[in-house]
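A.B. asks: My questions all concern the structure below.
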Amino acid sequence: MKPIKIILVEDHEIVREGIKLILSDRPEISIIGDVGNAMELFKLLKKDQPDVILMDIELPGISGIEIIKILSNDYPKIKPLILSMSIDENTIFYSIKAGTKGFLHKNATQQELLTAINCIYEGKEYFSQKVSDIMIKSYADKAKHGLKISDLPDKVLSTREIEILKYIKDGLSNPEISEKCLISIRTVEGHKDHMKRKLRLRKGSDLIRYALAYNF
């Protein structure tokens, strides 16, 4: 299996060197470049293109979010992964809207960083538990103000997903939901996975918390 090619975008040299030290020992990863700003990144992309770009949000000149927008349009095969200290609701939302495939806080463990890189390389998304917690709190706050799911950008659930979410909140098991909805257990599991991807949640328990937040 060929190594995962990565470019690191981080303006603090000491942080950049630390991340390089962590990743350079992994045989499945190849760091093909490390830069401190968007201008250097786009010069590098003319020479070689990575599978994953690991970047901070707060960069000099063009921000990480603006970089992701450009990547989404001009380099759609490259998968952006954010590693940042800025982990508030708006930063998360606009990063997702721009097209990031993953979001980690800089206090993430070495193993979580490696897991996130592998997940998004395989075509999945990876959002840390802390990011999921912030998004769930955001949903809960919006629910308190009377907003519906359809009021949340990019968070629309299908009628079937809402039906299953209600059963999840009521504590029904997958076989019980399967019987209620007249679908296979595997289909129930598929709907759950789809909802977690839509809502940027990680675990089944996060779906329960989301359902309770919206009082299904």
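The values are calculated or read from the model by the stated rules, or taken from the named source; none is laboratory data. Remember, predicted model here, so these are calculated numbers, not experimental data. A quick note on method: Cβ atoms are made from the backbone with ideal geometry, for glycine too, and the neighbour counts reach across all protein chains shown.
A.B. asks: Right, Thr91: under 23 Å from Ile136 (Cβ atoms), touching a Pro at 6+ places or on another chain (Cβ under 6 Å), surrounded by 18 or more Cβ atoms within 10 Å (Cβ to Cβ) and of a type in the set (Val, Ile, Thr) or not?
C.D. replies: Details: under 23 Å from Ile136 (Cβ atoms): yes; touching a Pro at 6+ places or on another chain (Cβ under 6 Å): no; surrounded by 18 or more Cβ atoms within 10 Å (Cβ to Cβ): yes; of a type in the set (Val, Ile, Thr): yes.
No: the conditions fail for Thr91.
A.B. asks: In the range 187-203, what residues are surrounded by fewer than 19 Cβ atoms within 10 Å (Cβ to Cβ) and either without any contact (Cβ under 8 Å) to a residue 24 or more places away in the chain or assigned to a loop (DSSP other than H, G, I, E, B) (or both)?
C.D. replies: Thr187, Glu189, Gly190, Asp193, Arg202, Lys203 - these are the residues of the range 187-203 that are surrounded by fewer than 19 Cβ atoms within 10 Å (Cβ to Cβ) and either without any contact (Cβ under 8 Å) to a residue 24 or more places away in the chain or assigned to a loop (DSSP other than H, G, I, E, B) (or both).
A.B. asks: Determine whether Glu40 is surrounded by fewer than 18 Cβ atoms within 10 Å (Cβ to Cβ), in contact with a Pro (Cβ under 7 Å, 6 or more places away or on another chain), in the same structural domain as Leu81 (by TED's automatic domain parsing) and within 19 Å of Ile78 (Cβ to Cβ).
C.D. replies: Working: surrounded by fewer than 18 Cβ atoms within 10 Å (Cβ to Cβ): yes; in contact with a Pro (Cβ under 7 Å, 6 or more places away or on another chain): no; in the same structural domain as Leu81 (by TED's automatic domain parsing): yes; within 19 Å of Ile78 (Cβ to Cβ): yes.
In short, no.
A.B. asks: Looking at the range 13-37, which of the residues that are within 23 Å of the chain's Cα centre (by Cα) and assigned to a loop (DSSP other than H, G, I, E, B) is surrounded by the fewest Cβ atoms within 10 Å (Cβ to Cβ)?
C.D. replies: Glu28
A.B. asks: Within the range 168-186, is even one residue under 22 Å from Ser138 (Cα atoms), in a helix (DSSP H, G or I) and touching a helix residue (DSSP H, G or I) at 6+ places or on another chain (Cβ under 9 Å)?
C.D. replies: There is at least one residue in the range 168-186 that is under 22 Å from Ser138 (Cα atoms), in a helix (DSSP H, G or I) and touching a helix residue (DSSP H, G or I) at 6+ places or on another chain (Cβ under 9 Å).
A.B. asks: Condition first: among the hydrophobic types (A, V, I, L, M, F, W, C), outside any strand (DSSP E or B) and modelled with pLDDT of 90 or more. Now tell me which residues in the range 81-107 satisfy that. Quick ask: steps written out before the conclusion?
C.D. replies: The first filter runs over the range 81-107 and keeps only residues among the hydrophobic types (A, V, I, L, M, F, W, C), leaving 81-83, 85, 87, 92-93, 96, 98, 103-104.
Among the residues that remain, those that are also outside any strand (DSSP E or B) are: 85, 87, 92-93, 96, 98.
Scanning the range 81-107 gives no hits.
A.B. asks: Given the criteria free of Cβ contacts under 8 Å to residues at least 60 places away in the same chain and within 22 Å of Ser132 (Cβ to Cβ), does Ser95 qualify? Before you say what the answer is, go through the steps one by one.
C.D. replies: On the way: free of Cβ contacts under 8 Å to residues at least 60 places away in the same chain: yes; within 22 Å of Ser132 (Cβ to Cβ): yes.
Spelling it out, Ser95 is indeed free of Cβ contacts under 8 Å to residues at least 60 places away in the same chain and within 22 Å of Ser132 (Cβ to Cβ).
A.B. asks: Looking only at residues in the range 149-194 that are at pLDDT 85 or above and among the basic types (Lys, Arg), which one is farthest from Ala211 (Cα to Cα)?
C.D. replies: Among them, the one singled out is Arg186.
A.B. asks: A follow-up question, please. Whether any residue in the range 126-148 is modelled with pLDDT under 85, closer than 15 Å to Tyr210 by Cβ and assigned to a loop (DSSP other than H, G, I, E, B) is what I want to check.
C.D. replies: Yes: the range 126-148 contains one or more residues that are modelled with pLDDT under 85, closer than 15 Å to Tyr210 by Cβ and assigned to a loop (DSSP other than H, G, I, E, B).
A.B. asks: Here is a list: Ile78, Ile53, Ile32. Which entry is farther than 15 Å from Ile120 by Cα, of a type outside the set (Asp, Glu) and at pLDDT 95 or above?
C.D. replies: On the way: Ile78 fails: farther than 15 Å from Ile120 by Cα; Ile53 fails: farther than 15 Å from Ile120 by Cα.
Testing whether each residue is farther than 15 Å from Ile120 by Cα, of a type outside the set (Asp, Glu) and at pLDDT 95 or above leaves just Ile32.
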